[in-house]
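The values are calculated or read from the model by the stated rules, or taken from the named source; none is laboratory data. Just so it is clear, the structure is predicted and the values come from calculations on it, not from any experiment. Positions of Cβ are backbone-derived with ideal geometry, glycine not excepted, and every protein chain shown enters the neighbour counts.
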Amino acid sequence: MRALIFDLDGTLIDTVYAHVFAWQRALDEANMAIDGWRIHRRIGMSGGLFTRALARELGRDISTEEAEELRRRHGELFLELLPRRRPLPGAVELISFLRSNSILFGIATSGRRPEINASLDVLGIGNETVVVERGDVARAKPEPDLFLACQQRLGVGVDDCYVIGDAVWDLLAARRAGMLSIGLLSGGYGEDELSRAGAFRVYRDPAELYRSLDELGVLP
């Protein structure tokens, strides 16, 4: 049986740019100003890689204490900027269709609970759905751990999984996991970037993916 493994931010929920603005403000407050577009290219990375990327942009090291304070402040600002989560077009309908037709799916996100709970709630995702978050694995994207953990909990083979994500880090992690990947433009990456990162198909958003499920061979 085929299974779909979804990223969350930028794939099902419209949160990418709120994350960018929150990081930009947190960094600016700490006298570490970085252009927003440079931050955007790093959204979806593991925390360690993200910190190293920021240090490279700044031309100096970021201490463990500084990194922890930045993450804390980012979380506060993110909630201020986006107190309510908005599903991307077609996301709720897609999830409902998959559930109604007994098509296996799960969520694998670099986010953590309780921060991701509001996003899961607006999608109608409860305890019946496999959700793997950052605290469940040793390494985050672009390492494959999140997707492999989700695949194992779904009880299917690697070859039977499609990963759906909006960032090149999702697609690189899928490639390392040995899974086919689907790219969505809803996170701000271009079609050429997602294709070069290994996307088997690229769609505009969850709504277009929903209309194109026949192309993936997952319909009952």
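Among the residues of the stretch 203-220, are any in contact with a helix residue (DSSP H, G or I) (Cβ under 7 Å, 6 or more places away or on another chain) and among the small types (Gly, Ala, Ser)?
Of the stretch 203-220, the ones in contact with a helix residue (DSSP H, G or I) (Cβ under 7 Å, 6 or more places away or on another chain) are 203-206, 209-210, 219.
Now drop any that are not among the small types (Gly, Ala, Ser), which leaves none.
The answer is no, given that none of the residues of the stretch 203-220 is in contact with a helix residue (DSSP H, G or I) (Cβ under 7 Å, 6 or more places away or on another chain) and among the small types (Gly, Ala, Ser).
Which residues, taken from the stretch 4-30, are part of a loop (DSSP other than H, G, I, E, B) and either within 15 Å of the chain's Cα centre (by Cα) or surrounded by 23 or more Cβ atoms within 10 Å (Cβ to Cβ) (or both)? Write out each step before concluding.
Kept after step one, since they are part of a loop (DSSP other than H, G, I, E, B), are these residues of the stretch 4-30: 7-8, 10-12, 14-15, 30.
Hits for the stretch 4-30 are 7, 8, 10, 11, 12, 14, 15.
Of everything in the stretch 127-138, what is under 12 Å from the mean Cα position of the chain (by Cα) and part of a loop (DSSP other than H, G, I, E, B)? Give them in sequence order.
If the condition is that a residue be under 12 Å from the mean Cα position of the chain (by Cα) and part of a loop (DSSP other than H, G, I, E, B), then 133 is the only one that fits.
Say whether the condition of being without any contact (Cβ under 8 Å) to a residue 40 or more places away in the chain, outside any strand (DSSP E or B) and either within 15 Å of residue 164 (Cβ to Cβ) or of a type in the set (Phe, Trp, Tyr) (or both) is met by at least one residue in the stretch 111-126.
Yes, there is a match, as at least one residue in the stretch 111-126 is without any contact (Cβ under 8 Å) to a residue 40 or more places away in the chain, outside any strand (DSSP E or B) and either within 15 Å of residue 164 (Cβ to Cβ) or of a type in the set (Phe, Trp, Tyr) (or both).
Could we say that residue 75 is touching a residue at least 40 places away in the same chain (Cβ under 8 Å), at positive phi and touching an Asp or Glu at 6+ places or on another chain (Cβ under 7 Å) here? I'd like the intermediate steps shown before the answer.
Values: touching a residue at least 40 places away in the same chain (Cβ under 8 Å): yes; at positive phi: no; touching an Asp or Glu at 6+ places or on another chain (Cβ under 7 Å): yes.
So residue 75 fails the test.
State all residues of the stretch 191-208 that are within 16 Å of the chain's Cα centre (by Cα) and touching a residue at least 60 places away in the same chain (Cβ under 8 Å); if no residue qualifies, say none.
205, 206
Those residues that are at pLDDT 95 or above and farther than 16 Å from residue 2 by Cα, I need them from the stretch 177-190; list them, please.
Correct list: 183, 184, 185.
What are the residues in the stretch 73-105 that are surrounded by 15 or more Cβ atoms within 10 Å (Cβ to Cβ) and assigned to a loop (DSSP other than H, G, I, E, B), if any?
Scanning the stretch 73-105 gives 82, 85, 88, 89, 90, 103.
Which condition from (1) farther than 20 Å from residue 112 by Cβ; (2) assigned to a helix (DSSP H, G or I) is the one that residue 60 breaks?
The failed condition is (2).
Could you tell me which numbered condition residue 125 fails, if it satisfies all but one of (1) within 18 Å of residue 75 (Cα to Cα); (2) out of contact with any Leu (no Cβ under 8 Å at 6 or more places or on another chain); (3) surrounded by 21 or more Cβ atoms within 10 Å (Cβ to Cβ)?
Checking residue 125 against (1) within 18 Å of residue 75 (Cα to Cα); (2) out of contact with any Leu (no Cβ under 8 Å at 6 or more places or on another chain); (3) surrounded by 21 or more Cβ atoms within 10 Å (Cβ to Cβ), the one that fails is (1).
Return the only residue of 144, 87, 114 being under 18 Å from the mean Cα position of the chain (by Cα), more than 23 Å from residue 3 (Cβ to Cβ) and not small (Gly, Ala, Ser). Reasoning before the result, please.
Details: 144 fails: more than 23 Å from residue 3 (Cβ to Cβ); 87 fails: more than 23 Å from residue 3 (Cβ to Cβ).
The conditions single out 114.
Counting just the residues of the stretch 31-47 that are surrounded by fewer than 18 Cβ atoms within 10 Å (Cβ to Cβ) and either in contact (Cβ under 8 Å) with a residue 40 or more places away in the chain or among the polar types (S, T, N, Q) (or both), which one comes out farthest from residue 118 (Cα to Cα)?
31
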